[in-house]
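Chemist: Pasting a structure below so you can have a look.
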Amino acid sequence: MRESGPKLAVIEGARPVIEALRARRRKIHEVSLPEGDGSPARRELEAVLAGRGIPVRVSGANQGIRALADPYLEEDFEVLLSSGSPRLLVALDRVTDVGNLGSIARTAEASGATGLVLEHRHAPPIAAGALRASAGALEHLRVGRTPNLARALGLAAEEGVAVLVAEAGAPPIERLAAEVLLGDLIWVFGSEDRGVRPGVRRQAQAAVGIPRPGETASLGVAAAAAYLLLRTAEI
């Protein structure tokens, strides 16, 4: 596969490429398929590619499945916030590991979230690593960036969006009124070692914890997000 130019992005792995094709949110210019790969994922990808007219190149057996695509589409937070109700957003505060970001995005999309909210400086780019970690879910999920997460959450609260922050030791989700979880909502998840920043925490309507019968101090942020987002989807 030729090297990507400044206006093209690389997508790596069968599942991320498949989901990018299915989402149809950005143009796929070329797909590279390794020689001799007869895996089910490869066959699924070939079925999705059929009739699309996208150039397909054969690469070495050890190079993996890759695609060249237009850059991932992000938007300003204000545009994301302007979506119609019901709005379910997931905001990340200093979650810088692409594996955690991708895992949370995967759960967010499965839970019916409208989008993901990230700061410009304290979150990684939506690139090949995050796309792979999300198993392609980021291709279906809107991402809004903001220069100041606390200010963005304050704006959301002014528009009637409930802001909930995940916090160790806080009351469980069962203590929340059902109408809070049924209305417009932003879940905020902080870094595993430091949690959310005080300025972000002050914007929250409530903090929510997870019961832990075991001896470990806390869950990882991706596991905590999965628990709370899937519980929200059950309401």
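The values are calculated or read from the model by the stated rules, or taken from the named source; none is laboratory data. Bear in mind that the values here come from a model prediction, so they are computed numbers and not experimental data. Methodologically, a virtual Cβ is constructed for each residue, glycine included, from the backbone with ideal geometry; neighbour enumeration extends over all protein chains shown. Heavy atoms of the whole protein, side chains included, go into the accessibility calculation; ligands, DNA and RNA do not. Shrake-Rupley method; radii C 1.70, N 1.55, O 1.52, S 1.80 Å.
Chemist: Can you pull out every residue in the range 42-56 that is without any contact (Cβ under 8 Å) to a residue 24 or more places away in the chain and acidic (Asp, Glu)?
Modeler: GLU46
Chemist: Quick one: is ALA166 in contact with a Phe, Trp or Tyr (Cβ under 7 Å, 6 or more places away or on another chain), buried (at least 20 other Cβ atoms within 10 Å of the Cβ) and free of Cβ contacts under 8 Å to residues at least 60 places away in the same chain?
Modeler: no
Chemist: Looking only at the range 50-71, filter to residues that are basic (Lys, Arg) and under 13 Å from LEU33 (Cα atoms); which one of those is most open to solvent (accessible area, probe 1.4 Å)?
Modeler: Ranking the qualifying residues of the range 50-71, first place goes to ARG57.
Chemist: On to the next question. I want to confirm something. Restricting to the range 182-195 and keeping residues that are at pLDDT 95 or above and within 18 Å of ALA226 (Cα to Cα), which single residue is farthest from the chain's Cα centre (by Cα)?
Modeler: Among those that are at pLDDT 95 or above and within 18 Å of ALA226 (Cα to Cα), it is LEU185.
Chemist: Tally time: how many residues in the range 87-109 are within 20 Å of GLN203 (Cβ to Cβ) and in contact with a helix residue (DSSP H, G or I) (Cβ under 8 Å, 6 or more places away or on another chain)?
Modeler: Total satisfying the criteria: 10.
Chemist: Is it the case, given these coordinates, that ALA47 is open to solvent by 30 Å² or more (accessible area, probe 1.4 Å), in contact with a Lys or Arg (Cβ under 7 Å, 6 or more places away or on another chain) and either among the aromatic types (Phe, Trp, Tyr) or in a helix (DSSP H, G or I) (or both)?
Modeler: The answer is no for ALA47.
Chemist: So, one more: Please enumerate the residues belonging to the range 17-36 that are outside any strand (DSSP E or B), within 17 Å of ALA50 (Cα to Cα) and open to solvent by less than 30 Å² (accessible area, probe 1.4 Å).
Modeler: Within the range 17-36, VAL17, ILE18, GLU19, ALA20, LEU21, ALA23 qualify.
Chemist: Between a first residue in the range 13-41 that is in contact (Cβ under 8 Å) with a residue 24 or more places away in the chain and a second residue that is assigned to a loop (DSSP other than H, G, I, E, B) and polar (S, T, N, Q), which pairs have beta carbons less than 6 Å apart while being 6 or more apart in sequence or on different chains?
Modeler: These pairs meet every condition: PRO34/GLN63.
Chemist: For GLY84, are the conditions met, namely being open to solvent by 40 Å² or more (accessible area, probe 1.4 Å), assigned to a loop (DSSP other than H, G, I, E, B) and within 30 Å of LEU182 (Cβ to Cβ)?
Modeler: Judged against the criteria, GLY84 is a match.
Chemist: Cβ-Cβ under 7 Å, sequence separation 6+ or interchain: first residue in the range 105-133 and in contact (Cβ under 8 Å) with a residue 12 or more places away in the chain and under 21 Å from LEU181 (Cβ atoms), partner assigned to a loop (DSSP other than H, G, I, E, B) and not small (Gly, Ala, Ser). Which pairs?
Modeler: Once the first residue is in contact (Cβ under 8 Å) with a residue 12 or more places away in the chain and under 21 Å from LEU181 (Cβ atoms) and sits in the range 105-133, its partners that are assigned to a loop (DSSP other than H, G, I, E, B) and not small (Gly, Ala, Ser) give ALA105/LEU141; ALA108/LEU141; GLU109/LEU141; ALA113/LEU141; THR114/ARG87; GLY115/LEU141; LEU116/LEU141.
So that you can scan it fast, the table gives a plain yes or no per residue for (1) without any contact (Cβ under 8 Å) to a residue 24 or more places away in the chain; (2) open to solvent by 80 Å² or more (accessible area, probe 1.4 Å):
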site: PHE189; (1), (2): no, no
site: PRO198; (1), (2): yes, yes
site: ALA224; (1), (2): no, no
site: LEU228; (1), (2): no, no
site: ILE235; (1), (2): no, yes
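Chemist: If you go through the range 55-81, how many residues are under 19 Å from GLN203 (Cβ atoms) and not in a helix (DSSP H, G or I)?
Modeler: Going through the range 55-81 one residue at a time, the tally reaches 1.
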